[in-house]
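Below you'll find the structure, written out as structure tokens, and then a few comments.
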Amino acid sequence: MTHDILCLGEPMLEFNQQPDGRYLPGHGGDTSNCAIAAARQGARVGYVTHLGADAFGDSFMTLWRDEGIDTSCVRQVPDAHTGIYFVTHGDGGHQFSYFRAGSASSRMGPQDLPRNALEQTRILHVSGISQAISESAADAVFEAIDLVRVAGGRVSYDTNLRLKLWPLARARAVIHAAMAQCDIALPGLEDAQQLTGLTDPDAIADVYLKLGAGIVALTLGAEGTLVATPDDRRRIGGRQVTAVDATAAGDTFDGAFLARLVAGDDPFVAARYANAAAALSTQGYGAVAPMPPRAAVEDSLSNEHPRNTQSSSAAHAASGPASPPPCCATAGRSPPPASAKTKSPPSTAPTHRSPPPFWMSPTWGRSATSSVASTACRGWSTAPAS
């Protein structure tokens with residue numbers, strides 16, 4: 001099976017606190033959440049991970065199969081457990097408590113990767129958590145990125161900074177080394193402020209464009225999303241809903257955004273759609289259960305009053321941002337290595353085919369030298385997962 005999106009990371013069983021104090025069991029893990037959100041929007045999705053050969057691992061296999069997610073790259077191992085976490089709610093929002101040390105996913109390494117699947121996927125999605133859980137997992141992500149890039153696929157990366165897993169200096173170095181190889185950067189504002197030391201969203205977007213991304217979608221919480229490319233940037237307004245649990249709002253955004261990109265939407269249209277999906281996901285408890293299917297998102301958008309999509313290009317240009325480096329320009333991008341096997345989506349018409357949009361071009365966002373950074377960060381020890 002050729003995947004539109006292949007997600008790699010750690011799934012975790014969730015116990016989510018309810019208003020009466022009881023805990024509702026469910027499923028979580030950032031990249032697993034992204035995979036489910038994308039599948040519910042109609043994308044062809046696969047998942048790469050290790051699970052424990054336990055009841056929790058079995059429940060994930062059932063969940064993914066029910067959601068139409070390909071599990072051929074998932075392995076259940078007898079000598080490690082599936083991770084779990086608890087979500088509590090208070091005046092300050094939701095808080096997480098993790099029990100993941102020694103989990104099956106944290107023991108994955110480069111030798112465990114499904115090379116053929118990675119070489120055939122259109123987009124690989126990974127995150128900071130995918131790399132934070134262990135040294136071997138961090139190396140596996142770097143290797144997966146290399147395999148996808150050489151084969152001509154694209155890479156999506158969500159910062160998902162968790163300082164309980166590793167110190168900020170190490171997180172910054174590893175995450176930004178990976179970001180230097182990604183095509184689609186999906187940072188959250190709070191994460192990015194800590195990673196960059198900046199507060200202005202436009203300045204943060206510039207950092208990730210200069211690292212090499214062709215699309216930056218910086219999520220701003222209730223304020224929506226700042227979407228930036230080398231040629232344009234716009235703030236896509238958020239949606240007003242009565243939120244009860246934002247546990248997986250960011251992951252839902254990621255999955256919906258990527259699903260719409262592979263469907264052919266431009267990143268600004270994709271962000272409007274993903275904002276709606278993320279907002280709908282906050283109206284119920286748990287990570288997975290409230291994620292909306294495509295029909296619900298489209299219905300929500302059809303009932304939406306027109307909102308301003310604010311273009312910040314002119315104002316940003318007036319402030320004099322640094323020019324993006326050559327690898328970010330719309331022309332003259334560095335091509336993939338000579339050994340790259342550039343893939344094209346299947347054609348239904350033999351002639352008169354329109355060229356793909358620039359964000360889906362096989363060579364878009366590629367920097368042939370960016371793998372040096374990832375090599376330098378391989379083997380860095382990480383803090384024990386809590």
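The values are calculated or read from the model by the stated rules, or taken from the named source; none is laboratory data. All of these numbers come straight from a predicted model, not from anything done at the bench. Note that each Cβ is placed from the backbone with ideal geometry, even for glycine, and that neighbours are counted across all protein chains shown.
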Residue within segment 46-62 that is touching a strand residue (DSSP E or B) at 6+ places or on another chain (Cβ under 7 Å), under 24 Å from T282 (Cβ atoms), buried (at least 23 other Cβ atoms within 10 Å of the Cβ) and of a type in the set (S, T, N, Q) present:
no
So, F60, is that one touching a His at 6+ places or on another chain (Cβ under 7 Å), outside any loop (DSSP other than H, G, I, E, B) and within 27 Å of A243 (Cα to Cα) or not?
yes
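Of the residues L161, L168, which is over 16 Å from the mean Cα position of the chain (by Cα), farther than 28 Å from D58 by Cβ and modelled with pLDDT of 95 or more?
Details: L161 fails: over 16 Å from the mean Cα position of the chain (by Cα).
On inspection, the qualifying residue turns out to be L168.
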Quickly run through segment 165-210 and pick out the residues that are out of contact with any strand residue (DSSP E or B) (no Cβ under 9 Å at 6 or more places or on another chain), under 22 Å from A101 (Cα atoms) and assigned to a loop (DSSP other than H, G, I, E, B).
W166, P167
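In segment 103-135, how many residues are among the small types (G, A, S), touching a strand residue (DSSP E or B) at 6+ places or on another chain (Cβ under 8 Å) and in a helix (DSSP H, G or I)? Steps first, please.
Step one: of segment 103-135, the residues among the small types (G, A, S) are 103-106, 109, 117, 127-128, 130, 132, 134.
Now narrow it down to the ones that are touching a strand residue (DSSP E or B) at 6+ places or on another chain (Cβ under 8 Å): 103-106, 117, 127-128, 130.
Going one step further and asking which of them are in a helix (DSSP H, G or I), we end up with 105-106, 117, 128, 130.
Count: 5.
Kindly check whether there is at least one residue in segment 152-164 that is farther than 25 Å from G102 by Cα and of a type outside the set (G, A, S). Give the derivation first.
Just the residues of segment 152-164 that are farther than 25 Å from G102 by Cα, to begin with: 152-156.
After this cut, where a residue has to be of a type outside the set (G, A, S) as well, the list is 154-155.
The answer is yes, given that some residue of segment 152-164 is farther than 25 Å from G102 by Cα and of a type outside the set (G, A, S).
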So which of A173, A101 is surrounded by fewer than 20 Cβ atoms within 10 Å (Cβ to Cβ), in contact with a Cys (Cβ under 7 Å, 6 or more places away or on another chain) and not β-branched (V, I, T)?
A173
For R170, the lone unmet condition from (1) charged (D, E, K, R); (2) without any contact (Cβ under 8 Å) to a residue 60 or more places away in the chain; (3) over 22 Å from T247 (Cβ atoms) is (2)
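Would you check which residues across segment 63-78 are assigned to a strand (DSSP E or B) and basic (K, R) and list them? Lay out the reasoning, then the answer.
Keep residues of segment 63-78 that are assigned to a strand (DSSP E or B), which gives 70, 74-77.
Across segment 63-78, the qualifying residue is only R75.
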